[in-house]
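*Asks:* First the structure, then my questions, so here it is.
The values are calculated or read from the model by the stated rules, or taken from the named source; none is laboratory data. From a predicted model like this one, the values you see are computed outputs, not experimental measurements. Ideal geometry is used to build each Cβ from the backbone, glycine not excepted, and the neighbour counts take in all protein chains shown.
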Amino acid sequence: MSNLLTLDAVSWTVEKQAILSNISFNVAQGDILGIIGPNGAGKTSLLKCLLNQTKNWQGGIKLKNKSISHYKPHELAQTFALVVQKSPPIFELKVYDVVRMGLLPYKALFARDTDIDKKEIMLALEKVGLATSENKFFNTLSGGEQQRVLIAKALVQKAKILVLDEPTNHLDIFYQHQILQLVKALNITVIMTIHDLNLAAQYCTRLVLLNKGRLVSDNTVDKALNPETLSKVFGLPCFRDNVQQFPDSKLAEVPRVHFYPNSNTDSSLPTGKN
């Protein structure tokens, strides 16, 4: 696969404090890239640089071999769609109107929606399972439903890269899997920060591990979730085993990571399969 996005020695310093230090990796077309690491590792800060939301970072970020600084704002809006972990209140807007916002990078001021626009909005809502919710108010929806509305907005936006910042943190187990299954089924390039390493193992194709603003690992899921490395980064004893992705299925096994509190009985922890 060709590289869609390239980061070269990306660094960000704020008031002499290094937030990110010399981070380099590539994102290929179709990747589902998970950015993992403890709190304060620089995950959300890295997303801000990727989306050009801050101007004082150093290094290079190229989209299709062209620096993102050379793209106009509406061009970046046509490329990146951001879904945050919890949406700010969108007062008095219905689901249809929120999804319609995905058209804005393509619309002139005061331009009217065409029949094609309306059809795309409804198709996007159908794809995320909310075709009958177009007239509901966004703020009355559950957290999982709100995430699905924002993903529908990204579909209307025709984004080439879907960026998610901790999309499952505030959701229960059912909605965590529902959102990530939906994201995986979209068949587009995805970059997401995610705390839960086991969800990352199940739904991502590659993992970037950060710690204290530095790149620790950029590898396949199997190699990135190395128990020794994870123990050092998260400061807790760790072991790993492999499980079937779904019971009674023939799909490949995925790693499952387990952490235990520090104690004087670390030697008794299960070793698992590495």
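*Asks:* Of the residues Leu171, Leu180, which single one is free of Cβ contacts under 8 Å to residues at least 40 places away in the same chain, farther than 15 Å from Leu51 by Cβ and under 12 Å from the mean Cα position of the chain (by Cα)?
*Replies:* Step by step, each of Leu171, Leu180 is checked, and only Leu180 is free of Cβ contacts under 8 Å to residues at least 40 places away in the same chain, farther than 15 Å from Leu51 by Cβ and under 12 Å from the mean Cα position of the chain (by Cα).
*Asks:* Could you grab me the full set of residues in segment 209-223 that are touching a Lys or Arg at 6+ places or on another chain (Cβ under 9 Å) and under 22 Å from Ser11 (Cβ atoms)? Can you show your working first?
*Replies:* Here is the first cut: in segment 209-223, the residues touching a Lys or Arg at 6+ places or on another chain (Cβ under 9 Å) are 210-211, 216-221.
Within segment 209-223, Leu210, Asn211, Val216, Ser217, Asp218, Asn219 qualify.
*Asks:* Would you say Ala77 is closer than 26 Å to Asn169 by Cα, touching a Pro at 6+ places or on another chain (Cβ under 9 Å) and part of a helix (DSSP H, G or I)?
*Replies:* For Ala77, the condition - closer than 26 Å to Asn169 by Cα, touching a Pro at 6+ places or on another chain (Cβ under 9 Å) and part of a helix (DSSP H, G or I) - is met.
*Asks:* Which of the residues belonging to segment 108-130 are in a loop (DSSP other than H, G, I, E, B) and surrounded by 14 or more Cβ atoms within 10 Å (Cβ to Cβ)?
*Replies:* Result: Val128, Leu130.
*Asks:* Continuing with the same structure: Looking at (1) exposed (fewer than 15 other Cβ atoms within 10 Å of the Cβ); (2) modelled with pLDDT under 90; (3) farther than 30 Å from Pro38 by Cβ, can you tell me which one Pro89 breaks?
*Replies:* For Pro89, the exception is condition (3).
*Asks:* From Thr193, Thr205, Thr220, Thr189, which residue is crowded, with 18+ Cβ neighbours inside 10 Å and within 12 Å of Asp31 (Cβ to Cβ)?
*Replies:* Thr189
*Asks:* State all residues of segment 42-60 that are touching a strand residue (DSSP E or B) at 6+ places or on another chain (Cβ under 8 Å) and over 20 Å from Val83 (Cβ atoms); if no residue qualifies, say none.
*Replies:* Asn56, Trp57, Gln58, Gly59, Gly60
*Asks:* Let me ask another. State yes or no: is Gly30 modelled with pLDDT of 95 or more, of a type outside the set (S, T, N, Q) and farther than 24 Å from Lys232 by Cβ?
*Replies:* It is false that Gly30 is modelled with pLDDT of 95 or more, of a type outside the set (S, T, N, Q) and farther than 24 Å from Lys232 by Cβ.
One line per residue, one yes/no per condition, for (1) crowded, with 16+ Cβ neighbours inside 10 Å; (2) within 21 Å of Leu215 (Cα to Cα); (3) among the basic types (Lys, Arg):
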{"site": "Ile19", "(1), (2), (3)": "yes, yes, no"}
{"site": "Asn22", "(1), (2), (3)": "no, yes, no"}
{"site": "Cys49", "(1), (2), (3)": "yes, yes, no"}
{"site": "Tyr71", "(1), (2), (3)": "yes, no, no"}
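*Asks:* Of the residues Asp8, Asp31, which single one is surrounded by 15 or more Cβ atoms within 10 Å (Cβ to Cβ) and acidic (Asp, Glu)?
*Replies:* When all the criteria are applied, what remains is Asp31.
*Asks:* Here's another thing I want to ask about it. Failed condition for Ser69, given (1) under 27 Å from Val257 (Cβ atoms); (2) over 20 Å from the mean Cα position of the chain (by Cα), with all others met?
*Replies:* (1)
*Asks:* Another question, if that's okay. Can you pull out every residue in segment 52-64 that is in a loop (DSSP other than H, G, I, E, B) and either surrounded by 10 or more Cβ atoms within 10 Å (Cβ to Cβ) or at pLDDT 95 or above (or both)?
*Replies:* Asn52, Gln53, Thr54, Lys64
*Asks:* Listed residues Val163, Val95, Val183; which is of a type in the set (Val, Ile, Thr), over 22 Å from Val27 (Cβ atoms) and out of contact with any Cys (no Cβ under 8 Å at 6 or more places or on another chain)?
*Replies:* Only one candidate qualifies: Val95.
*Asks:* Moving on to the next point. Could you tell me which residue of segment 140-158 is nearest to Leu182 (Cα to Cα), considering only residues that are among the small types (Gly, Ala, Ser) and crowded, with 23+ Cβ neighbours inside 10 Å?
*Replies:* Among those residues, the one meeting the criterion is Ala152.
*Asks:* Right, here's the next one. In segment 236-274, which residues are under 23 Å from the mean Cα position of the chain (by Cα), in a loop (DSSP other than H, G, I, E, B) and modelled with pLDDT of 90 or more?
*Replies:* none
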